[in-house]
Every structure is written in structure tokens, then in C-alpha cells.
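Inspection log for the structure reproduced underneath, given as C-alpha cells.
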Amino acid sequence: MSFVKLTTSALAIAAVSSTAAVARDQVQVAGSSTVLPYASIVAEAFGENFDFPTPVVESGGSSAGLKRFCEGVGENTIDVANASRRIKTKEIEKCAENGVTDIIEVQIGYDGIVFASDIQGNAFEFTPTDWFLALSNQVLVDGKMVANSAKTWADVNAAFPAQPIQAYIPGTKHGTREVFEDKVILAGCEATGAFDVLLGQATGDTAKAKKKAAEKACISLRTDGLSVDIDGDYTETLARIESNKNGIGVFGLAFYENNTDKLQTATMSGVVPSTKTIATGEYPVSRPLFFYVKKAHIGVIPGLKEYTEFFVADEVAGPDGPLAEYGLVADPELEKTQEAVSDEIVMGGNS
């Protein structure tokens, strides 16, 4: 993707300083494979527009990035963690244990999760129920939970072709996996009535504990090879589909939109995934995207504050910016994010 150089005056970003002297002079970023392409675009443009080295951006998944982020404070730890989900309480606690106490949460916009297959293959119009019945290790039959025996999509839904079920889904370390589980598998579990049965079977001392147990049972997937976890990024999922034309993969919208010559996407609950349907909330499987910054590294790692402000500037993350061209749905409250970044507001509300 080409990127027209932006002027710092246009972005109203303060002039950079060349006086800082530390062992590391390059911003280091890791985390979500969904956020990776956006962060890479910003990093490249940042290197072109500022007198700082281009930030190093790595992938690995939201959980892996946040794990590295929470390892501690100092030049041997990363500055920014990209995430396709909000940081968990247990991760915040682990950060605190290691001295990472002041965290700035930055919401950059929204992305949708799409269900895509080979462009020459069958077209699908899915609902969460279809995916639950295809991938859950147990399904509800005549009021009882039984082992899932579906082999083809026609077994799941008579309106579908008798195409073998072969799903490639994000591994458990990816933020995309949690959205998939919550908004697709769990939603399908509830729609079929299976959740109520599992809740009745659940054990626990409290209603909350029983609900949690039922939800865990709902999202427990089959292990017979028809559902395959992909721990790498979306390029690995695409490679699997290219080698198995029956495969259907779970992708971020932006990745799909940059591979429409190879993939076709299914509708979900009758809605076509697009930046418009995600922005309006019509498309049911979407989520906000984030990155997290160590406040303790601002003023120590040269360019960190400038990189953060640059990322959320109107000209970058706004509806007419390069990230929107790549598939990011701009956050309607981007101005509030810009103010929070400028004021270095940390989670919990303090600056």
C-alpha cells in the first residue's frame, strides 16, 4: 500500500527531540495479528515523518503480546501491546506484579470477523447456530446433549451443500478466538437451547459459577480434526484453505478485503460484513481493537509518545485515513481517545 507522507504540522504533533539518550531508541510493539497490519502501516509512516527510527512491530497474538507487555518495565521489555480484545483483569494483575502499574489503553477503531472460503467454492449464509452445530463437541438432540456426529454442512443445515466440514479457527492465544467463542459459538449454543440444558447440569456453589461452567461447556469444540486451531496469523489460515478447498476460515475483515481475489465471504445472520455494517452495528460479529502503552516508558523510549499520538490522529485513524482504506472502521469517539493519549490518562482514570 502506498502512503502519502503526512506533515507533523498537519497532525498538530509537537516537534521531536533529539536529546534523549537511552540504550534503546526504537519503539517496540508486539501482539495481535489483527492489529498487526494497521500498526505496520503506522510504523512505516512514522519512520518517514519523524526523526525517530521506524518502530519494530511483531505479531504473535493478543495474549502473547500482553504477556510480554506485562513482563516488566525497562528497555528489555516491549513498549506497546496490540490487542483485538480488551486486556483482562488477570493480565492487569500480572502486569502489576511485575511493576507495570500505569497502562494507557488506546482504542483505535473496530474490525469485523468474517467467515471466508475459496472464491471458487460454495457460498454460505451462516448463523451462529450453524457454527455451533458444526463445531461444538456436544449438541442438543431430543432434550439431551450428545456427541456431535455432523460430518458435512448439510448435516448441520439442510439448506447447505454436502460439503465436508473443515474449519480453520484462531488459536486460543488470539483475541479473535474469544470474540468467535462469545458472539458465534456461545450465541449458537443459546439459540439451540443447549445452554439451558448445560446450565441445568452445571455444578457450582453460586449461580455465577454455574453460568460460567455452562458457558465453558458451550464453547468446548470437537477434537476430531474438523475444527483446527491456527496459532499463526491469517496468512496461515489462507494457506490451509488454498490446500483444502473445502476449508472455511475465520479472518479479520481487513485481511479478507485484501484477499478478495482468493476468498469469498459468507453472510452472518443475513448481513454482509463491511465497514458500513460494522460501523452501524448491524453486522453481529465485530469488536473494538486496542493497543496498550506503558506510561513509564514515555519520555524514556524516544518517540513512544509521538508514535501513540500519530497512530490515533485524524489523518491516520480517521474515516478518511490510510487505516480506513485498509479496512479499519474508524471509532466515532476518536477525539476522546486523542485527548486521553495526549493527557497520558492511564486505566483507572489517572494521568
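The values are calculated or read from the model by the stated rules, or taken from the named source; none is laboratory data. These numbers were taken from a predicted model, which means no experiment stands behind them. Because the Cβ atoms are built from the backbone with ideal geometry, glycine has one as well, and the counts that use them run over all protein chains shown. Remember, those area values only see protein heavy atoms, side chains included, never the ligands or the DNA or RNA. Shrake-Rupley method; radii C 1.70, N 1.55, O 1.52, S 1.80 Å.
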task: Among the residues of segment 100-111, write down those that are farther than 30 Å from Pro319 by Cβ and open to solvent by 40 Å² or more (accessible area, probe 1.4 Å).
output: Thr101, Asp102
query: In segment 221-237, which residue that is under 20 Å from the mean Cα position of the chain (by Cα) and part of a loop (DSSP other than H, G, I, E, B) is modelled with the highest pLDDT?
result: Asp231
- request: Look through Phe291, Phe310 and report the one residue that is touching a residue at least 12 places away in the same chain (Cβ under 8 Å), within 25 Å of Ser59 (Cβ to Cβ), assigned to a strand (DSSP E or B) and not hydroxyl-bearing (Ser, Thr, Tyr).
  value: Phe291
- request: Could you grab me the full set of residues in segment 308-346 that are farther than 18 Å from Thr280 by Cα and surrounded by fewer than 16 Cβ atoms within 10 Å (Cβ to Cβ)?
  value: Glu335, Lys336, Glu339, Asp343
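Yes/no matrix, rows are residues, columns are (1) open to solvent by 80 Å² or more (accessible area, probe 1.4 Å); (2) without any contact (Cβ under 8 Å) to a residue 60 or more places away in the chain; (3) under 17 Å from Arg287 (Cβ atoms):
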residue: Ala158; (1), (2), (3): yes, yes, no
residue: Thr192; (1), (2), (3): no, no, no
residue: Phe195; (1), (2), (3): no, yes, no
residue: Lys211; (1), (2), (3): yes, yes, no
- request: Report yes if Ala81 is open to solvent by less than 20 Å² (accessible area, probe 1.4 Å), under 18 Å from Val300 (Cβ atoms) and not in a loop (DSSP other than H, G, I, E, B), otherwise no.
  value: yes
query: Taking the stated definitions as given, is Thr223 of a type in the set (Ser, Thr, Tyr), within 26 Å of Ala194 (Cα to Cα) and surrounded by fewer than 16 Cβ atoms within 10 Å (Cβ to Cβ)?
result: yes
- prompt: Looking at segment 238-258, which of its residues are modelled with pLDDT of 95 or more and either of a type outside the set (A, V, I, L, M, F, W, C) or open to solvent by 10 Å² or more (accessible area, probe 1.4 Å) (or both)?
  reply: Leu238, Ala239, Arg240, Glu242, Ser243, Asn244, Lys245, Asn246, Gly247, Gly249
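Each row is one residue, and each column tells you yes or no for (1) buried (at least 19 other Cβ atoms within 10 Å of the Cβ); (2) in contact (Cβ under 8 Å) with a residue 40 or more places away in the chain; (3) in contact with a strand residue (DSSP E or B) (Cβ under 9 Å, 6 or more places away or on another chain).
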| site | (1), (2), (3) |
| --- | --- |
| Ile113 | yes, yes, yes |
| Gly121 | no, yes, yes |
| Phe124 | yes, yes, yes |
| Met145 | no, yes, yes |
| Asn148 | yes, yes, yes |
| Ala154 | no, no, no |
| Pro161 | no, no, yes |
